[in-house]
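Written below as structure tokens is the structure these notes are about.
Every number in this text was worked out from the coordinates using simple rules, so none of it is lab data. This structure is a prediction, so every number in the text was calculated from the model and none was measured. Cβ sites come from the backbone with ideal geometry, for glycine too, and all protein chains shown count toward neighbours.
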Amino acid sequence: MKGNRRRDAAVQSRIPGHADGDRDPTRLIEAGLAHHLAGRLARAEALYTDALELDPANVNALYLHGTVIFQTGRRDAGIEELGAAIALKPDNPFAHYNLGNALLEYGRTDEAIARYAEALRLKPDFPRALNNLGNAFHARGKYAEAIDKYTEALRLDPDYPDAVNNLGAALKEQGKLAEAIDKYAEALRLKPDYPQALNNLGNALQEQGRHAEAIARYAEALRLKPDFPEALNNLGNALKEQGKLTEAIDKYAEALRLKPDYPEALNNLGNAFKEQGRLAEAVAGYAEALRLKPDYPEAWYNRGNALQDQDKLDEAIACYRKALGLKPDYPDACFNLGAALTVSGRLDEAYRAFDAAIGLTPRRGLFYRLLVDTGRVAPGGPHARRMEALLSGRDALPEEDRMQLHFALGAVYADRGQRDESFRHLLAGNRLKRSRVAYDEAQTLAMFDRIRAVFTARLLDAGPRAGASPGLPVFVVGMPRSGTTLVEQILASHPEVYGAGELMDLPRLAGALESADDGAAFSEALAVLPQEKLQTLAAAYLGRLRAYAPSAARIVDKLPDNFLRIGLIRMALPQARIIHVRRDPVDTCMSCFSKLFTSQLHFMYDLAELGRYYRAYEQLMEHWRRVLPPGVMIEVRYEDVVDDLEGQARRLIAHCGLDFDDRCLAFHRVPRVVRTASAAQVRRPLYHSSVGRWRAFGDLARPLYDALKA
């Protein structure tokens, strides 16, 4: 230790407050402490060193010197000197307290707790030791014990802002957000220029969904403390929740400039990249976070999500398993593991993963619904009984969970032919969902009318306006649950075809044409769009599409409601192939009514509204048949595919301009990601049981029948 304290004599004379002739250790310690409290650590260390040169057994100089060298990054040496100070004077509570601080910062929480306890035994009226003992309990996840210590510290010192702030943080961890917010506000009354409390207040507001207020608190924290990477990271999170991904990425990058070894910011940066579709960059961000913090379950989980989006199912499954190895009580990782196993066709394993997720979160309805999709839940079985008990129990379930459970039980009873029970649950689930969405039926039906009015045969006969485009895109359109996923799976079984799934690129490009000023819809805007802008739109779409599969001859965009944009497809992408998939109207609508969708399909949750939407869709498709040139679009009936797979598969492949490949007949064996409600079905050979299924409901679906016939 003595070697660590030696300094050149010429340096000593330049230390402010240290006169050449001053050889009093007490005065040197006092001068060092003044610099220490002011944050001038190098000056403080020099003065403590001088005091120890004069008096090597000076306990005050030793523990203060150990404290300052720990604070300057020499952790092991600092802990060693603090231990030496305690060995010289075991009854010094401040030495125990400072050693506890060093051990806590080093992550040695149990040892820190023992030191704080000893400091408090020696000095019971020591609020800072109580506060930091609370911090140690907080670090161990023992929030009730932490709250007790913060409360005791405040009993001794009611105007202690750090203890008030920390009490708020512990209450937040217990889910008591309103109480936490009150404590952060109290800390700020005691200490208005308190960036840590502002940052914590922002976090609590963020959890309440009050993103704008959270952003204001983070901004104030950063005004007080510009070099505050944690606040920058949290500000990025709030901006991301508002959909401001570019701004969020800038904040994460700024946090990482200040703190390059910040795995949480790297993880969040990866999440923002993922939402932008920049999957390779997202995976790289998670990898760097994991290099810095290999035992980071959330980063493993997020990396798995990004890999699954890249169709790398085996790697994604390995990441979810790694996350669960680190954090066995991680229901979301169990859930996404089950989802990955489902799309890879491993339904038995998927069942076990969903079952594990339910064991961890037994009231979350979504987990039950995905478990049911594996086909392994029977009426009267333990899971069905548990779902019924949850719905009829005394404890009030959140509306979202009740809705998910109703849809799940509707599927369970439907699979066993118990139509009354099934329909009862489907009605209840759909009513709950309908109450939560804002669906303007008149506006929606008027949109269909506008599209038919704008995209006349005359407009489309004028010829493609975007010039020749490659025959790369194949659009599979139709009503949801009409067989579009099956058709895409058959096409994607061809070695020259890539199935990209339900892409939102075309709706985004169409939406960019709309004018908020005059209310013009994309259809009216497209009719007068200059040639060069139409070409720019087409190039943007094709560039994004090609990125999914650089070597594919054809790429399938299977967003069903692109039937609304067939005029746009014809004008911007004239060489594109269009495949319209049809199914029995009642089978289609009842299948829609039985599923809870994540997308904005708000017309599905009332049988009469669903029937009227279907009629408008049929009228629009009849319009496209009249105005499109021959050969642009073919129509395929789901029932025909079931009856004659080879004949219809050959027709589909021929429409894409490709030679037939027998692998298209074994579509259920193709290892590709399917992210729709039909994922489990397309993993099995064709079956006839879904044809005419609506008849089981009889008069129960009368509002739908009446709307379809009107």
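Given just the C-alpha atoms of the range 503-611, how large is their convex hull per residue in cubic angstrom?
Details: hull volume 15.5 nm³, N = 109.
Spread over its residues, the Cα hull of the range 503-611 gives 142 Å³ apiece.
Going by how many other Cβ atoms sit within 10 Å of their own, how do Thr598, Thr374, Thr485 line up, fewest first?
On the way: Thr598 7, Thr374 21, Thr485 25.
So the residues, fewest neighbours to most, are Thr598, Thr374, Thr485.
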Sequence-distant lysines (8 or more away, or on other chains) whose Cα lies within less than 18 Å of Lys225:
Lys191, Lys251, Lys259
Between the helical axis of 441-454 and the dominant principal axis of the chain, each derived from Cα atoms, what acute angle in degrees is found, rounded to the nearest 10?
60 degrees
Modelling each spin label as a point 7 Å along the Cα-to-Cβ direction, I'd like the Met504/Glu241 distance in nm, to one decimal.
1.9 nm
Can you compute the modelled spin-label distance between Arg75 and Lys89, with each label point 7 Å from Cα toward Cβ, in nm?
2.8 nm
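Please compute the Kirkwood hydrodynamic radius of the range 141-289 from all pairs of different C-alpha atoms, in Å with one decimal. Don't jump to the answer; show the numbers that get you there.
On the way: mean 1/r = 0.0627 Å⁻¹.
Hydrodynamic radius (Kirkwood, Cα only) of the range 141-289 equals 16.0 Å.
Rg/Rh for the range 2-241 to two decimals, with Rh computed the Kirkwood way over all alpha-carbon pairs.
Details: Rg = 20.2 Å, Rh = 19.4 Å.
When Rh is taken as the Kirkwood radius, the ratio is 1.04.
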Quick calc: nm separation of the 7 Å Cα→Cβ label points for Ala42 and Phe660 -> 8.1 nm
Least to most buried among Val556, Val474, Val343 (fewest other Cβ within 10 Å first):
Val343, Val474, Val556
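Which chymotrypsin sites (Phe, Trp or Tyr not before Pro) in the range 587-666 pass both tests, a DSSP loop state and at most 12 other beta-carbon atoms within 10 Å? Could you put the intermediate results ahead of the total?
Values: sites: Phe593, Phe597, Phe603, Tyr605, Tyr613, Tyr614, Tyr617, Trp624, Tyr638, Phe660; in loops: Phe597, Tyr605, Phe660.
Passing both the DSSP loop test and the Cβ count: no residue.
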Roughly speaking, what is the stretch gain from Glu635 to Ala389, that is 0.36 nm per residue apart minus the C-alpha to C-alpha distance, in nm to one decimal?
84.0 nm
Over the C-alpha atoms of the chain, what are the Rg and the largest Cα-to-Cα span, Dmax, in Å?
32.8, 106
Once amide H atoms are placed 1.01 Å from N in the peptide plane, what residues at a sequence separation of 5 or more from Gly499, or on another chain, have their amide H within under 5 Å of its amide H?
Val556
Sort out for me the Cα centre separation of the range 426-445 from the range 221-274, rounded to whole Å.
37 Å
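Taking a quarter of the surface of the convex hull around the Cα atoms of the range 261-345, what do you get in nm²?
Mean projected area for the range 261-345: 4.8 nm², to one decimal.
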Taking only Cα atoms, what is the 0 to 90° angle, nearest 10, from helix 607-627's long axis to the longest principal axis of the chain?
60 degrees
Skipping prolines and chain starts, which residues have an amide H placed within reach, meaning under 5 Å, of the one on Val636, given they are 5 or more residues away or on another chain?
His580, Val581, Arg582
For the range 312-361, list log₁₀ I(q)/I(0) at each q in 0.19, 0.20, 0.30 Å⁻¹, using the Debye formula over Cα point scatterers of equal strength and ignoring solvent, two decimals each.
-0.50, -0.55, -1.13
Degrees separating the helix 25-37 axis from the principal Cα axis of the chain, which is the longest one:
20 degrees
One computes Rg over Rh for the range 369-518 from alpha-carbon atoms, with the Kirkwood Rh, and obtains 1.10
With the alpha-carbon atoms as the only input, what is the per residue convex hull volume for the range 322-420 in Å³?
96 Å³
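Starting from the Cα-Cα distance between Arg321 and Ala212, subtract it from 0.36 nm times their residue separation and give me the gain in nm to one decimal. Walk me through the numbers before you get to the answer.
Working: separation 109, 0.36 × 109 = 39.24 nm, distance 3.63 nm.
Working it through step by step, the gained length comes to 35.6 nm.
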Chain lengthening between Thr26 and Gln418 when straightened (0.36 nm per residue, less Cα-Cα)
132.3 nm
If only Cα atoms are counted, what is the Rg of the range 362-436, and what is its Dmax, in Å?
11.2, 31
Counting pairs of alpha carbon atoms under 8 Å apart in space and at least six apart in sequence, what relative contact order in percent does the range 510-591 give?
23 percent
Give me the percent of Cα-Cα pairs in the range 83-160 that sit more than 14 Å apart, rounded to a whole number.
56 percent
